[in-house]
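The structure appears below as structure tokens.
Please treat every number below as a calculation from the coordinates, not as lab data. Everything numeric here is computed off the predicted structure, so don't read it as measured data. Don't worry about glycine lacking a Cβ; one is built from the backbone with ideal geometry, like all the others, and counts go over all protein chains shown.
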Ligand SMILES: [Zn+2]
């Protein structure tokens, strides 16, 4: 069925459905609209300010281009006001997609190293978080991640920021960046400290490297959820372990295609994961940079899994279950999704 606005029935259902997102990066979520706002404040940046040129600049060509765009956006985050504008802008884009709750992965190391004072950085994200909740009804929580490629100095600094300066919205500790050439075990002492301070462990693993990085993440870093984990399906013992311990996977289909973790979308292992009984959540990773958003990712998942509206709602409730919301918060958001589905079924 095609709705008057051109959306198919399932797309319209997804667009209006209350959602949670668990794997989405702060700078990587900057849409052309937000980037234009930042670029306008910092003339002389190589990022175009004209909307058409900016849209062109954001058209994904290959992974090297993604890194170039990403770094040029990082270059626009120069003071605390930039951080606040970026964060609030990201929340506005989430509100438009009916995202009610998001755990946003923030890499404070990049900004602090570039000269933004650490306390000012924390105040900026917290100010944006409070405004987003009050004005937009979007609840944000933070995951501070180590940019793995920046080495152990970045791990030390990220741990210091997460443990000593923990902002109110901080719930978890992560590890991002490339997996190849960045062994997970070296980060154990930092995860130990973050976990001792009460933070949940959510490293990226099994994205571009095999199941062994997922095992490392589980055994050494105490992973409670896995960022991506796409390659887990290659190890049946790992699949059993993930299922038995209800370890959720943060699956990001379009990102996996863009970075060539999977060659063709039809080959994405999400179906195998679901068939194996794993707790699968759907996420957008670095949405504008991969030409996607969370609604699009749900559409892709619905197609790959052959889901109807009730199936899509069940997938959305997986993200609520896998989140670090408290019990009351989970109940409320899951209830909102149920109510939405019932209303839709009644037409
Ligand atoms: Zn990621």
So for segment 72-147, averaging the separation of alpha carbon pairs under 8 Å that are six or more residues apart and normalising by length, what relative contact order in percent results?
45 percent
Roughly what % of DSSP beta bridges within the chain run antiparallel, to the nearest 5?
5 percent
Relative contact order, percent, of the chain when contacts are C-alpha pairs under 8 Å separated by at least 6 residues?
19 percent
Footprinting exposure proxy for 135, 82, 127 (fewest neighbouring C-beta atoms within 10 Å first)
135, 127, 82
Residue of 160, 141, 100 that the Gaussian network model of the chain assigns the largest fluctuation, springs spanning Cα pairs under 10 Å
160
Where does each of 63, 191, 58 land when they are ranked from fewest to most other beta-carbon atoms within 10 angstrom?
63, 58, 191
For segment 189-277, what does the relative contact order come out to in percent, with C-alpha contacts under 8 Å and a separation of six or more?
24 percent
So for 342, 21, 212, fewest C-beta neighbours within 10 Å to most, what's the order?
342, 212, 21
